[in-house]
Amino acid sequence: MTISRRTLLQGTASVAMVSTFGARAQSAEFTYKYANNLPVTHPMNLRAKEAADKIKQETNGRVEIQIFPNNQLGSDTDMLSQVRSGGVEFFTLSPLILSTLVPNASISGIGFAFPNYDTVWKAMDGELGAYVRGQIAKANLVVMDKIWDNGFRQITSSNKPIQTPEDLKGFKIRVPVSPLWTSMFSAFGSAPASINFAEVYTALQTKVVDGQENPLAIISTAKLFEVQKYTSMTNHMWDGFWFLANRRAWERLPEDLRAIVAKHLNAAAVEERADVAKLNGNVKDELVSKSMQFNDPNPALFREALRKAGFYAEWKKKYGDEAWAILEKSVGSSLS
C-alpha cells in the first residue's frame, strides 16, 4: 500500500472501508471491537483495516475486527477504561498516556532521549520494548510485540515560533493526559494543560491554549494548521502506540486464532512505521503550503535546560535504577 495525500484525503471512502459493520459480523464466531483516537485517514487505521481483512480471511471468517477510529467510542481515558473492562477488546494507546495505569510505560517518551528512528526501533524492538511490555502485562492487559509509530513530536503555536527554552516560559500548551508531559513542560516554565485529543482543535481555536505538540502526520490529518501558525521542529519526544487487548477477550480466542491475530497486527505495525516515515517526508511541504511557518531549534539547548531543572534526575528516581539503565543503554548516552 502506498500512502499519499490523495489516500489521506479520501476520507469518505476510508470511513466506509475502515468500519466493518453489518450482517457479515453476525456470522463471525468472535466479533471484536478495536478503538483508537486517530483520524480515519491516518496510516494506522489504513493498516489496521488491512490486518483485519487478512485476519478474517485466514481465520475463515471466525474472527472479525470492527474498527472505531477518531475517538468514536470516547476519549483516550474512556477507551482505556473500556479495554480494561472488556467494553472494547482492542485499543491502541500512547505509552505516555498508558502511564496513568502503568507508570513505567512512559519511559520511552523521556524528553530528547532518542536522536533518530534507528535508535527508536532498536530500543523498542529490543530490550526497552520488552521491559515495557512486561510492565503492561502486570496490569492484566495483553500487548502485541510490535509498537506502532506515532512519530517524533513537534511544537506548534498560534503566536510565536519556539526557538529556545526561554520561548517556552509561560507558554500555554496543550499536553496529553500524562504526568510525564506535564512534568517536562513545567520544567521549562510553561503552563501545560492536560486535554484529551478529541478536544484539542477546539481548545486551540478558542485560545484556551496557545499551542500543542504532536507529530507532523497528526498536525496534518487533524487539520491543526487551521488554528496554528508556527511549527517548531523540536523532536522533543518520540511517541508510539501499543496495541492492547483485554486479557479475558484475548484468552477466549483459541491459541491458533491468537497466533493469526498477533501475526497480522504485528506485521501491520511494521508496515505502518514505513508509512509514517514516507508521510513525514512529504507533509512538511504540504503544511508550508497551508501557510505554516517552520523553524529548527537546537535540541541540545532544551536537553541541557531539562538537566539543570532536575527533570532527568526526578524521573530516574521515579522509574528506578533498573529501568533507567535499560533506557540509557538503549539510547546510547547518559541523560542524567
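The values are calculated or read from the model by the stated rules, or taken from the named source; none is laboratory data. A quick note: this is a predicted structure, and the numbers were derived from the prediction, not measured. Cβ placement follows ideal geometry from the backbone for every residue including glycine, while neighbour counts extend to all protein chains displayed.
Residues checked against (1) among the charged types (D, E, K, R); (2) crowded, with 21+ Cβ neighbours inside 10 Å; (3) modelled with pLDDT under 95; (4) not assigned by TED's automatic domain parsing to the domain that holds residue 175:
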position: 28; (1), (2), (3), (4): no, no, yes, yes
position: 36; (1), (2), (3), (4): no, yes, no, yes
position: 58; (1), (2), (3), (4): yes, no, no, yes
position: 78; (1), (2), (3), (4): yes, no, yes, yes
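The helices (runs of 4 or more DSSP H) falling completely within segment 247-336 that include 1 or more residues that are more than 30 Å from residue 85 (Cβ to Cβ) map to 255-289, 299-308, 311-319, 321-331.
Among the residues making up segment 129-164, a single one is within 15 Å of the chain's Cα centre (by Cα), among the polar types (S, T, N, Q) and either surrounded by fewer than 21 Cβ atoms within 10 Å (Cβ to Cβ) or modelled with pLDDT of 95 or more (or both): 154.
Considering each of 216, 244, 257, 253 in turn, give the residue that is at pLDDT below 95, surrounded by 16 or more Cβ atoms within 10 Å (Cβ to Cβ) and not basic (Lys, Arg).
216
Each row is one residue, and each column tells you yes or no for (1) within 30 Å of residue 49 (Cα to Cα); (2) exposed (fewer than 13 other Cβ atoms within 10 Å of the Cβ); (3) not assigned by TED's automatic domain parsing to the domain that holds residue 59.
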position	(1), (2), (3)
261	yes, no, no
264	yes, no, no
272	yes, no, no
276	yes, no, no
300	no, yes, yes
305	no, no, yes
314	no, no, yes
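Pairing residues of segment 162-191 that are in the same structural domain as residue 295 (by TED's automatic domain parsing) with residues that are of a type in the set (S, T, N, Q) and in a helix (DSSP H, G or I), at Cβ distances under 7 Å and at least 6 apart in sequence or on separate chains, gives 175/182; 177/77; 178/106; 180/106. Hey, any hits in segment 96-115 for a residue that's part of a helix (DSSP H, G or I), modelled with pLDDT under 95, of a type in the set (Val, Ile, Thr) and surrounded by fewer than 18 Cβ atoms within 10 Å (Cβ to Cβ)? Among the residues of segment 96-115, not one is part of a helix (DSSP H, G or I), modelled with pLDDT under 95, of a type in the set (Val, Ile, Thr) and surrounded by fewer than 18 Cβ atoms within 10 Å (Cβ to Cβ), which makes the answer no.
Whether a residue is in contact with a Gly (Cβ under 9 Å, 6 or more places away or on another chain) and touching a residue at least 12 places away in the same chain (Cβ under 8 Å) was assessed, and residue 203 does not pass this test.
Checked against the criteria, residue 43 does not count as at pLDDT below 90, crowded, with 20+ Cβ neighbours inside 10 Å, farther than 17 Å from residue 249 by Cα and not hydrophobic (A, V, I, L, M, F, W, C).
In segment 165-183, of all residues being within 19 Å of residue 217 (Cβ to Cβ) and hydrophobic (A, V, I, L, M, F, W, C), the one that is surrounded by the most Cβ atoms within 10 Å (Cβ to Cβ) corresponds to 181. The residues of segment 88-99 that are touching an Asp or Glu at 6+ places or on another chain (Cβ under 9 Å) and either more than 26 Å from residue 252 (Cα to Cα) or among the small types (Gly, Ala, Ser) (or both), listed by number, are 94, 96, 97.
When you look at residue 295, is it within 19 Å of the chain's Cα centre (by Cα) and surrounded by fewer than 20 Cβ atoms within 10 Å (Cβ to Cβ), yes or no? Full working, then the answer.
On the way: within 19 Å of the chain's Cα centre (by Cα): no; surrounded by fewer than 20 Cβ atoms within 10 Å (Cβ to Cβ): yes.
No, not satisfied.
Checking each residue in segment 203-236 for being in contact with a strand residue (DSSP E or B) (Cβ under 9 Å, 6 or more places away or on another chain) and among the small types (Gly, Ala, Ser) picks out 203, 211, 217, 222, 232.
Given the condition in a loop (DSSP other than H, G, I, E, B) and touching a residue at least 24 places away in the same chain (Cβ under 8 Å), answer yes or no: does some residue in segment 46-61 qualify? Scanning segment 46-61 turns up at least one residue that is in a loop (DSSP other than H, G, I, E, B) and touching a residue at least 24 places away in the same chain (Cβ under 8 Å). If residue 207 satisfies all but one of (1) outside the structural domain of residue 269 (by TED's automatic domain parsing); (2) closer than 30 Å to residue 85 by Cα, what's the number of the condition it fails? Evaluating residue 207 over (1) outside the structural domain of residue 269 (by TED's automatic domain parsing); (2) closer than 30 Å to residue 85 by Cα leaves (2) as the failure.
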